[in-house]
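The values are calculated or read from the model by the stated rules, or taken from the named source; none is laboratory data. Please read these numbers as outputs of a predicted model, since none were measured by experiment. All Cβ positions, glycine included, derive from the backbone under ideal geometry; neighbour counts span all protein chains shown. What goes into the accessible areas is simple: the full protein's heavy atoms, side chains included, and nothing from ligands, DNA or RNA. Shrake-Rupley method; radii C 1.70, N 1.55, O 1.52, S 1.80 Å.
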Amino acid sequence: MALTREQMAQRVARELRDGYYVNLGIGIPTLVANYVPEGMQVLLQSENGLLGMGPFPTEAELDADMINAGKQTVTALPGAAIFDSADSFAMIRGGHVDLTVLGAFEVDVQGNIASWMIPGKLVKGMGGAMDLVAGAENIIVVMTHASKDGESKLLERCSLPLTGAGCIRTVLTDLAWLEIDNGAFILRERAPGVSVEEIVAKTAGKLIVPDQVPEMQF
Amino acid sequence: MSGLDKRVGSYAEALDGLQDGMTVLAGGFGLCGIPENLIAEIRRRGVRDLTVVSNNCGVDGFGLGVLLEDRQIRKMIASYVGENALFEQQLLSGELEVELTPQGTLAEKLRAGGAGIPAFFTATGYGTPVAEGKEVREFDGRHYILERAIKGDFAIVKGWKADHYGNVIYRHTAQNFNPLAAMAGRITVVEVEEIVEPGELDPAQIHTPGIYVDRLIQGTFEKRIEKRTLRG
């Protein structure tokens, strides 16, 4: 069975470490915040200028001046810091954020990522995605392994305009956990009940399959 | 307006001198922390062919989106646009030009513009369409692209409180691009919710020191929420 959105978030959450500053993108990455292990302290960075983002507000807490990078109303935790956009991206570009989790349309064996532009469709912009992929040491891309039409999103070379070049080393799909190294994907874990053969069939880029590929446990 | 007292008497006075073809830098992120009344005044003045630098371009009928209604914006420099149908329509018809800029690069371009730095190298955008036509340099084995700073004829900024000297503090995440726009305007106009007596603001807590501010006005704000999201 392919992983659910919640299982993908749970799997990513296992990469969190106590004391991490983490930037979570829109969509499945946002759900990772729900699975921070008990007793672990992690602070969420929102690139519009908030470090220590809390949950969505109650009606009483609702405040137009307190939003996240997805423009949703949020709260700030005790101990949060608020700053301007240049400071926010100094943190990101300067490599101070410990983990960045974001979505993508495609990744390839060179660690390239395409996530913002589909030629022929209206381009809304890259927002902070290019800064995030250029600045972070530790990035996890979260996406489906193949499109709805069955086209692989793990390629030999990205077909869409890039968001960043050579910056991705870890990918979680609904089928597998993979690393990118030396011009190939390396299959590290598979979703429960998903065969290595299925993953091989749905991976267009060069894929190295180690002798042991454990199933993820949930 | 006299000496170091930056207060002006009206919104018309606040944007006196704004002309066709000028570059306007606007603070705000989405609809959060936008200079609503200064935008309304730009609309009222009817100036055209503006280049507007802002992270976003508002929504239909609010924020910078209202400047699209009479086609006052010729070029938009932003990181994420298209939350409004009118924007999309004018972009597709070629009436509106858009220069998409990564969010962190946009913030740094404004900061650099205000800080007297004409250009800077950043890894952001290397190997992407953003790098097209830009100088590439390698430092310590990594590639960087040269990005030019941005300055504006006017900066329009929304603060929370300010004193007569134009020392400004922002409220919560309504800070965002506002202090950076304030730095990079040749004429920086700030509208705030409250003008207080000098001495009331803690000098160590000032976000934008008054030296960056030319004109100051107190206004009332709708503060529309773009995505009202409550705890479930």
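Let me confirm something: among A:203, A:144, which residue is more than 14 Å from every other protein chain (Cβ to nearest Cβ), assigned to a loop (DSSP other than H, G, I, E, B), more than 16 Å from residue A:115 (Cα to Cα) and polar (S, T, N, Q)? If you could, list the steps in order and put the result at the bottom.
Details: A:144 fails: more than 16 Å from residue A:115 (Cα to Cα).
Criteria check complete, one pass: A:203.
Could you please give the count of residues in the stretch A:97-112 that are farther than 19 Å from residue A:127 by Cβ and open to solvent by 20 Å² or more (accessible area, probe 1.4 Å)? Quick ask: steps written out before the conclusion?
Filtering the stretch A:97-112 down to residues farther than 19 Å from residue A:127 by Cβ leaves A:98, A:108-111.
After this cut, where a residue has to be open to solvent by 20 Å² or more (accessible area, probe 1.4 Å) as well, the list is A:98, A:110.
Selection size over the stretch A:97-112: 2.
Residues in the stretch A:44-76 that are of a type in the set (A, V, I, L, M, F, W, C) and open to solvent by 50 Å² or more (accessible area, probe 1.4 Å): A:56, A:60. Scan the stretch A:77-90 for residues that are buried (at least 22 other Cβ atoms within 10 Å of the Cβ) and among the aliphatic types (A, V, I, L, M) and the total you get is 2.
For the stretch A:105-120, taking the residues that are within 11 Å of chain B (Cβ to nearest Cβ), on the phi < 0 side of the Ramachandran plot and part of a loop (DSSP other than H, G, I, E, B), the one that is farthest from the chain's Cα centre (by Cα) is identified as A:119.
Of the residues B:99, B:83, which single one is at the interface with chain A (Cβ under 9 Å from one of its Cβ atoms), touching a residue at least 12 places away in the same chain (Cβ under 8 Å) and of a type in the set (Asp, Glu)? Before you say what the answer is, go through the steps one by one.
Details: B:99 fails: at the interface with chain A (Cβ under 9 Å from one of its Cβ atoms).
The match here is B:83.
When the criteria are applied in full, residue A:33 meets the requirement of being at pLDDT below 95, within 18 Å of the chain's Cα centre (by Cα) and within 30 Å of residue A:216 (Cβ to Cβ).
The set of residues from the stretch A:20-34 being open to solvent by less than 70 Å² (accessible area, probe 1.4 Å) and in contact (Cβ under 8 Å) with a residue 24 or more places away in the chain comprises A:20, A:22, A:23, A:24, A:25, A:27, A:28, A:29, A:30, A:31, A:32.
Applying the selection to the stretch A:52-69, what residues are under 21 Å from residue A:98 (Cα atoms) and within 7 Å of chain B (Cβ to nearest Cβ)? Once the filter is applied, which keeps residues that are under 21 Å from residue A:98 (Cα atoms) and within 7 Å of chain B (Cβ to nearest Cβ), the stretch A:52-69 yields only A:55. Taking the stretch B:95-119, which residues are closer than 22 Å to residue A:116 by Cβ and open to solvent by 20 Å² or more (accessible area, probe 1.4 Å)? Passing the criteria: B:97, B:98, B:99, B:100, B:108. When residue B:107 is tested against (1) within 9 Å of another protein chain (Cβ to nearest Cβ); (2) at pLDDT 95 or above; (3) touching a Gly at 6+ places or on another chain (Cβ under 9 Å), just one condition goes unmet, and that condition is (3). Taking first residues from the stretch B:38-62 that are touching a residue at least 24 places away in the same chain (Cβ under 8 Å) and partners that are of a type in the set (Ser, Thr, Tyr) and open to solvent by 10 Å² or more (accessible area, probe 1.4 Å), the Cβ contacts under 6 Å between residues at least 6 apart in sequence or on separate chains come to B:41/B:11; B:51/B:23; B:56/B:80.
Condition check: open to solvent by 60 Å² or more (accessible area, probe 1.4 Å), away from every other protein chain (no Cβ under 14 Å) and basic (Lys, Arg). Does residue A:11 satisfy that? Here the answer is no, as residue A:11 does not meet what is asked.
Only one of the numbered conditions (1) open to solvent by less than 40 Å² (accessible area, probe 1.4 Å); (2) modelled with pLDDT of 95 or more is violated by residue A:144, and that is (1). Quick check, is residue A:184 of a type outside the set (Val, Ile, Thr), open to solvent by less than 20 Å² (accessible area, probe 1.4 Å) and farther than 15 Å from residue A:144 by Cα? Yes. Restricted to the stretch B:140-232, the set of strands (runs of 3 or more DSSP E) holding at least 3 residues that are within 18 Å of the chain's Cα centre (by Cα) and more than 12 Å from every other protein chain (Cβ to nearest Cβ) comprises B:152-163, B:185-196, B:215-218.
Identify all residues within the stretch B:86-96 that are in contact (Cβ under 8 Å) with a residue 24 or more places away in the chain and within 11 Å of chain A (Cβ to nearest Cβ); write none if there are none. Scanning the stretch B:86-96 gives a single hit, B:87. Within the stretch A:60-86, residues that are at positive phi reach partners that are open to solvent by 20 Å² or more (accessible area, probe 1.4 Å) with beta carbons closer than 7 Å, at six or more positions or on different chains, in the pairs A:71/B:226; A:71/B:227.
Just one of (1) part of a loop (DSSP other than H, G, I, E, B); (2) at negative phi fails for residue A:132. It is (1).
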